Every structure is written in C-alpha cells, then in structure tokens.
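The values are calculated or read from the model by the stated rules, or taken from the named source; none is laboratory data. These numbers come from a predicted model, not from an experiment. Cβ: placed from backbone, ideal geometry, glycine included. Neighbour counts: every protein chain shown. In case anyone asks, the SASA skips ligands and DNA or RNA and just uses the protein heavy atoms, side chains included. Shrake-Rupley method; radii C 1.70, N 1.55, O 1.52, S 1.80 Å.
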Amino acid sequence: MTSAKLYQAHLAALGDMLEDALSRAAARGLPLDGVLFHAGREDYYHADDQPVPFRSTPHFLRWAPLAGPEHCVLARPGRRPLVIRVAPRDFWYEVTPLADSYWQPSVEVVEVCRLADAREHLQGAGKLAYVGNSAAAAEELGIPETMVEPEALMAPLAWHRGIKTDHEVAQIVRAAEKAAEGHRVARKAFESGASEKEIHWAFLEAAGQLEAELPFATITALDEKIAILHYQNKRGLESAPGKVFMLDAGASHEGYASDITRTWALETADDLYRALLDAMDALQRDLVAMVTPGRPYPEIHLEAHRRTALLLAETGLVRCSAEQALEQGITRTFLPHGVGHHLGLQVHDVGGHQAGPDGGTAPPPSDHPFLRNTRTLEPGHVVTIEPGIYFCDVLLDELRSRPEGSEVEWKLVERLAPCGGVRIEDDVLCTPEGARDLTRPLIQGPRGL
Ligand code: GLY
Ligand code: MN
Ligand code: MN
C-alpha cells in the first residue's frame, strides 16, 4: 500500500477511535462536538530567550505529521480533519515551507499567521476540548480552561494510542531503519577503538539525526558504565578503547520512535561474559516470541526473571538453585528494570499502566515497581522487549548487606563487574498470529541471528 493509502486508512481508524472517545466522555457528562489538537507552544529556559528544543504534542502528531509549534488539527466525527498551519511572517527564523506530502490529500489545510487567527476557522465547530500544553493557547482559541485536556476524554485517547495502525507501524519501522544504520556504524566505531563520545557522534551521523531529533538521549556505554541503566554521560578518549560496548539508542521518524539496544564484546573480553551475552540473546528472543494477543504483558516480565534466575545458577553467579534465587528476590538485583514498555509517538508510550479505556490505574506488582506496562497484549500493540543483566554497585552493595547475599558467588561478580552488564532490546509488534520483531530483520543480535 502507498503511504497515502496507509494514511487514509489511518485517519479512518483515528475517526473510529475519536467517536469512541467522545461517546465515553459524553457518558461521563462531557458532551463534545470535537477536539482541537494543538502541536503545542514553545517553552524557554529559565530567565533566557533561548527556546527548549521543541517537541510536538504526540496526540497532535498522530493526526498530522507537521513539524513545529502552534499548528492545530480540528477533529470531528465524520468530517475530514482540518489542519490549521500557523506560519508567522518571520525574519528571524525560517518558516518551513509546506512541501507536498502523502498525508495532505486526506485532510483540509488552512494557513494562518498567528494562533489567534485560527479562531475564525473554529466558528460553528460546536463544543470543543483542547489537547495540548498551553491553557493560554486554548484561551486564545476561545476554549475555556475546563475544556483543557479533560480526563474523561484523555483517558480513552491515551488508551487508543496503544493500538497502532498500519501507517504507524510503518513509521516505527522507518524510525528503526535509521536507528539500525546508526547501530551498525556505532559498532564499527567501537571495534576500531573509539571513545563513547565518538561512538555517539558516529550513531548520530549514520542515523541522520540531530541530537534534538532523538526520541531519547543515547545511552552509549563502554565497559563498567554499562551497569548504569540510564548512563547519561559520554566520556572522551579516557574511555577508549573498550572491550564491551552497549548502545541503547533510537531514532525518530515524523515523531514516531524506535528504541533499540545492542551489546557487543571484543574477542578479548572475558569468556564468561561472552557466554552471558550469547545466553541473553537467546533469552531475549524467547521473550519476544511471548508477544501474543491475550497475554498480560507482566507475564513476560516474570518469565524474564525466571530465565535470569536460571542464568545466574548456570553460570555459578549464585550458589543456590534458580528457584531460590527467584524466590529470594536475588534476580531483582541483576535485572532491576522492567522488561519493556509501549513504543510509539513517545519512547515510553502512554497508557502502559491504564486499567481500561475510561482510565483507572493497573499498577505493576509491588516488588516490580519499574515495570512500565501492565496491559494485556492486543494486535496492534508495539512494545519493547529488553531484558538485561547488570553488575551495578549500588544494587550489589544492598544485596551484600542482606542474608541472601551469602548465596552470591562474589568472586565471579567481581570478575564480571568491569564488563558492566548486558542489555538487548527489540521493538515488537503484536499481530493476531503472534510476535513480529521489527528490529531483528534490520540488525542482528550478538549470535548473528
Ligand atoms: N532507552 C530507554 C529504554 O530502553 O527504555
Ligand atoms: Mn526501551
Ligand atoms: Mn532503550
């Protein structure tokens, strides 16, 4: 299908989702004729005239992949979406021209110089809610504060974002293609002895992304820094050459994110670590296969812990049985984060803890507080599967101080600590037939699969 056809079908699906959201809002005492999605207003650093890098409201981007602040989409059931492009007459900044694109034939587009001028296009549109980051902007549009992101509307809108249309899956795949190219070149940089900074720059260049376009800051870690889950620094030459390298990095395409992690080791790295890396790759693929409709996502998380317990016992990192390692919570020291999350217009996409379309919270199990997704998988969900194993000082010190710490083979932990850990992460679509790994066809794992 062409991009234009996919987009048309996407808009039809969004129309159905909008109708459902509006009828749910009406049932909760909030009758609405439509929704005004605002790309959002630029923000500035404190006491400064420099803008914070701008990100469009994801709900807006879902309707119109139009970059930049202030644009709007007026969405009403049964009507073509009206895209209101705000194009100021500006001599300081370029007003990016509106190039012909696949999505435009499916919508109406009008152009105004200022947001307030959009108001005339809302005449007769009825009662609207505003979705965006600025109550002041809503006021300029004549929408009262009580209609700014009302919960009765936002809950179903967030819930429906969990189901990706074919157009959205194609966008995520485009984002994954860019990231995969970045990962390939970054791996070569690592193998040629580059520093964390140099590897990060190699990723950006190969992915064709500016720093501000990334869906999240890359986690570019050599050796022991891999143990820091969201390691935010990039060291210079003092970090090079590394023996082990982990890159957790995605790219964006028209607002859609990819989120991919690969870990690589040189042949000179510790043999036990290399075995762990291969085992984690096999484990990760088994978890990917669990992305099937009807499965509560937390089952995958708990399976990751069962398999981590086996790995700890097999490698001799614990002296107790796998069952005991699991029961005593030892696996949580080595795998402290959730096994993954929804992925879409945000890297940690909305609605992961939502109980249902009308809202409410489905919290993660109390001893797994960092699990970001508690929903039951449905066709159209795109999630990450990202198990890992880490040798993290803070967590190891805590385990050492507990009675269960005596079950750990600390000599082995100390041997492996300079390698930091392993994380492997793919983006996975739940289809009616089961898992479709969107990442592996683009970039292999450590075992070459
Ligand atoms: N890059 C953060 C994550 O994998 O969730
Ligand atoms: Mn992730
Ligand atoms: Mn990631």
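Restricting to region 245-272, and then to whatever is more than 16 Å from ligand 2 (Cβ to nearest atom) and in a loop (DSSP other than H, G, I, E, B), can you tell me which residue is least open to solvent (accessible area, probe 1.4 Å)?
Among them, the one singled out is Ala269.
Quick check: is even one residue across region 89-103 touching a Gly at 6+ places or on another chain (Cβ under 8 Å) and open to solvent by less than 20 Å² (accessible area, probe 1.4 Å)?
Scanning region 89-103, I find no residue that is touching a Gly at 6+ places or on another chain (Cβ under 8 Å) and open to solvent by less than 20 Å² (accessible area, probe 1.4 Å), so the answer is no.
Residue by residue through region 153-179, note down the ones that are among the β-branched types (Val, Ile, Thr) and touching a strand residue (DSSP E or B) at 6+ places or on another chain (Cβ under 8 Å).
Listed by number, the residues that qualify are Val169, Ile172.
Restricting region 306-321 to residues that are open to solvent by 10 Å² or more (accessible area, probe 1.4 Å) and among the small types (Gly, Ala, Ser), which is nearest to ligand 1 (Cβ to nearest atom)?
Ala313
Taking the condition of being more than 16 Å from ligand 1 (Cβ to nearest atom) and either without any contact (Cβ under 8 Å) to a residue 24 or more places away in the chain or open to solvent by 40 Å² or more (accessible area, probe 1.4 Å) (or both), how many residues in region 346-363 meet it?
So the answer is 6.
From the list Leu247, Leu266, Leu287, Leu277, exactly one residue is within 16 Å of ligand 1 (Cβ to nearest atom) and farther than 29 Å from Glu213 by Cα. Which is it?
When all the criteria are applied, what remains is Leu287.
Asp393 passes all but one of (1) within 16 Å of ligand 2 (Cβ to nearest atom); (2) surrounded by fewer than 15 Cβ atoms within 10 Å (Cβ to Cβ); which number fails?
So Asp393 meets the others, but not (1).
Are any residues in region 208-217 away from ligand 3 (no atom under 12 Å from the Cβ) and either of a type in the set (Ser, Thr, Tyr) or surrounded by fewer than 22 Cβ atoms within 10 Å (Cβ to Cβ) (or both), and if so, which ones?
Gly208, Leu210, Glu211, Ala212, Glu213
Conditions tested, residue by residue: (1) within 14 Å of ligand 2 (Cβ to nearest atom); (2) within 12 Å of Gly388 (Cβ to Cβ).
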{"position": "Asp281", "(1), (2)": "no, yes"}
{"position": "Gln284", "(1), (2)": "yes, yes"}
{"position": "Val318", "(1), (2)": "no, no"}
{"position": "Ala322", "(1), (2)": "no, no"}
{"position": "Leu343", "(1), (2)": "yes, no"}
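Which pairs have Cβ atoms under 6 Å, sit 6 or more apart or on different chains, and link a residue in region 76-104 that is over 14 Å from Leu14 (Cβ atoms) to one that is assigned to a loop (DSSP other than H, G, I, E, B) and open to solvent by less than 50 Å² (accessible area, probe 1.4 Å)?
From residues that are over 14 Å from Leu14 (Cβ atoms), the pairs are Arg85/His71; Val86/Glu70; Val86/His71; Val95/Ala87.
Hey, could you check region 254-272 for residues that are in contact (Cβ under 8 Å) with a residue 24 or more places away in the chain and among the acidic types (Asp, Glu) and say which is nearest to Ala39 (Cα to Cα)?
Of all residues in region 254-272, those in contact (Cβ under 8 Å) with a residue 24 or more places away in the chain come to 254-266, 268-270, 272.
Applying the additional criterion that residues be among the acidic types (Asp, Glu) yields 254, 259, 270.
Numbers: Glu254: 13, Asp259: 23, Asp270: 50 Å.
Ranking the qualifying residues of region 254-272, first place goes to Glu254.
Among the listed residues Thr292, Thr374, identify the single one that is part of a loop (DSSP other than H, G, I, E, B), open to solvent by less than 30 Å² (accessible area, probe 1.4 Å) and farther than 24 Å from Trp410 by Cβ.
Thr374
Considering region 225-244 alone, what residues qualify as being of a type in the set (A, V, I, L, M, F, W, C) and in contact with an Asp or Glu (Cβ under 8 Å, 6 or more places away or on another chain)? Walk me through it before giving the result.
As a first pass, look at region 225-244 and keep what is of a type in the set (A, V, I, L, M, F, W, C): 226-229, 237, 240, 244.
Ala227, Ala240, Val244, listed by residue number.
Looking at Leu326, Leu343, Leu335, can you tell me which residue is buried (at least 18 other Cβ atoms within 10 Å of the Cβ) and either hydroxyl-bearing (Ser, Thr, Tyr) or within 25 Å of Val244 (Cβ to Cβ) (or both)? Explain how you work it out, then say what you get.
Numbers: Leu326 fails: either hydroxyl-bearing (Ser, Thr, Tyr) or within 25 Å of Val244 (Cβ to Cβ) (or both); Leu343 fails: either hydroxyl-bearing (Ser, Thr, Tyr) or within 25 Å of Val244 (Cβ to Cβ) (or both).
Testing whether each residue is buried (at least 18 other Cβ atoms within 10 Å of the Cβ) and either hydroxyl-bearing (Ser, Thr, Tyr) or within 25 Å of Val244 (Cβ to Cβ) (or both) leaves just Leu335.
Step by step: first the residues of region 218-244, then only those that are open to solvent by 70 Å² or more (accessible area, probe 1.4 Å) and either free of Cβ contacts under 8 Å to residues at least 12 places away in the same chain or under 21 Å from the mean Cα position of the chain (by Cα) (or both), then the one that is nearest to ligand 3 (Cβ to nearest atom). Which residue is that?
Of everything passing the filter in region 218-244, His230 is nearest to ligand 3 (Cβ to nearest atom).
Look at Ala155 and say whether it is touching an Asp or Glu at 6+ places or on another chain (Cβ under 6 Å), assigned to a helix (DSSP H, G or I) and open to solvent by 20 Å² or more (accessible area, probe 1.4 Å).
So Ala155 does not fit the description; no.
Quick check on region 328-357: of everything there that is polar (S, T, N, Q) and out of contact with any Phe, Trp or Tyr (no Cβ under 8 Å at 6 or more places or on another chain), which residue is farthest from ligand 3 (Cβ to nearest atom)?
Per the criteria, the residue is Gln328.
How many residues does region 396-411 hold that are open to solvent by 30 Å² or more (accessible area, probe 1.4 Å) and in a helix (DSSP H, G or I)?
Counting residues in region 396-411 that are open to solvent by 30 Å² or more (accessible area, probe 1.4 Å) and in a helix (DSSP H, G or I) gives 9.
If only one of Glu191, Glu196, Glu149 is over 20 Å from the mean Cα position of the chain (by Cα) and closer than 30 Å to Gln8 by Cβ, which one is it?
After ruling out the rest, the residue left standing is Glu149.
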